[in-house]
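Here's the structure we're looking at; comments come further down.
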Amino acid sequence: MSLTYNGRPFNAADFAKDIEDAALEQVKEHFFERISSIRDPGTGEFPTVQVLGDRLDDIRLSVEGSPSLIEIVKCRMSDEEIRATTFTSSLQLADPTAFLSYAKEDGALAQQIAEALMAKGINVWWDQWEMGAGASLRQRIDEGLGGCTHFIVLITPISITKPWVNHEIDAGLMLRIHGQAAFIPLRSNFPATLLPPLMSGLMSPEISISAFEKSIENLANDIHGLSRRPSVGPRPATAEMPAIGYSKTATAIAKIFVELTKTALFGDPQMDTEEISIAVGASVEDVEDALHELRDLVTVSFDRVLPKTGLYATFDSYFKDWSPDKDALRIAADLINDPSMPHLAEDVASRYGWHARRLNPALAYLLSRQLIVDYQVLANDWLCFRVVKTDSTRRFVRSRS
């Protein structure tokens, strides 16, 4: 009597592999459900979770969230699990948002500062823009404080005496203590020597009316984390790669695929290790080590290197004019907030004016975090032909808003 399995003659190796694959998926689902359900009781934020690895002995986690949420997640994990996890602060993923505290007597200067920072790519919470008819002042202020990455207080001889400003200063200092926001005392006609003790040890830039544009430029550069040092000269090609958590060789390999792909789909394009070695100017051994680093983002089969869609979701923002994580947040927010949001991938791309090369990495970002339903099909220009939200989408949008 002959046995069959899945409609084919029984093969012990195939059967064992299917059992192992099923076990792997169950273990990965267990980790995903366990970690993604942890919630910050103070903010209501949930983490964004990826479970990585293609073998049971090589399972790793990637957890994204605010610094306070990450600390809560770590408290629920074993030391071994923490060592196998990459933690990313969501403050690094979002554009900077500044809460501007000031006295109403300094309103004209505060408005100039708010408008100038907005023009420099910094989203500014300023009460005159946020308050509508019937709105709760306290609620709007709490929302502004809770969502800011930088707390700016305009320190003047008037504002330093105002109780309300001092209440906001206390809130801003607490955000700094908990690692949720940077605290910036911005001085105008106020000497640094007169700052209160809790602010005297902080960098306190001065806003100069006579050199307003330069003052704003320096402040904006500090918020964006840009250095004021002059640029250095050119370096070797591999050494020019950005420092993003991977070796220079691994980053150079990813850059090649990012620049050559037409669709950002699996296996587009394919190269062998010798071709990659020549392209990045590294030895074959160094390339093999770098591919081991990239094992979650590429597949190596018979010396052929096939990029996965996650490679483009990870590296596009460094080498293209778009950022898949920001594109993904835009898609997720529209899925939650806009009833007219289309669900066919082609229509989603048309809505934003994107081609498949740009949309697919954003879909890969969402899929890997279970933020959209998996509607992948073969022989299609789109990573998934439908874009449909999951139960995690709302929590993701709320955590990033």
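The values are calculated or read from the model by the stated rules, or taken from the named source; none is laboratory data. Predicted model only: the values in this text are computed from it and were never measured. Note that each Cβ is placed from the backbone with ideal geometry, even for glycine, and that neighbours are counted across all protein chains shown.
Below are the figures for this structure:
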| read-out | value |
| --- | --- |
| Helices (runs of 4 or more DSSP H) contained in the stretch 52-135 and holding at least 1 residues at pLDDT below 90 and within 15 Å of L154 (Cβ to Cβ) | 127-130 |
| The one condition in (1) under 28 Å from P41 (Cβ atoms); (2) crowded, with 16+ Cβ neighbours inside 10 Å; (3) touching a residue at least 60 places away in the same chain (Cβ under 8 Å) that D381 fails to fulfil | (1) |
| Residue match in the stretch 90-103 (condition: free of Cβ contacts under 8 Å to residues at least 60 places away in the same chain, more than 21 Å from M174 (Cα to Cα) and either in contact with a Cys (Cβ under 8 Å, 6 or more places away or on another chain) or not acidic (D, E) (or both)) | no |
| 2 or more residues among the acidic types (D, E): qualifying helices (runs of 4 or more DSSP H) within the stretch 339-401 | 345-352 |
| Qualifying residue in the stretch 101-114 (condition: more than 30 Å from V165 (Cα to Cα), over 25 Å from the mean Cα position of the chain (by Cα) and not small (G, A, S)) | no |
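Yes/no per residue for (1) touching a His at 6+ places or on another chain (Cβ under 8 Å); (2) surrounded by 14 or more Cβ atoms within 10 Å (Cβ to Cβ); (3) in the same structural domain as E71 (by TED's automatic domain parsing); (4) not polar (S, T, N, Q):
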site: N123; (1), (2), (3), (4): no, yes, no, no
site: Q128; (1), (2), (3), (4): no, no, no, no
site: R140; (1), (2), (3), (4): no, yes, no, yes
site: C148; (1), (2), (3), (4): no, yes, no, yes
site: I155; (1), (2), (3), (4): no, yes, no, yes
site: S159; (1), (2), (3), (4): no, yes, no, no
site: G172; (1), (2), (3), (4): no, yes, no, yes
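So that you can scan it fast, the table gives a plain yes or no per residue for (1) touching a helix residue (DSSP H, G or I) at 6+ places or on another chain (Cβ under 8 Å); (2) modelled with pLDDT under 85; (3) in a loop (DSSP other than H, G, I, E, B):
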{"site": "F183", "(1), (2), (3)": "yes, no, no"}
{"site": "F190", "(1), (2), (3)": "yes, no, yes"}
{"site": "S204", "(1), (2), (3)": "yes, no, yes"}
{"site": "E217", "(1), (2), (3)": "no, no, no"}
{"site": "R235", "(1), (2), (3)": "no, yes, yes"}
{"site": "A239", "(1), (2), (3)": "yes, yes, no"}
{"site": "I256", "(1), (2), (3)": "yes, no, no"}
{"site": "D268", "(1), (2), (3)": "no, no, yes"}
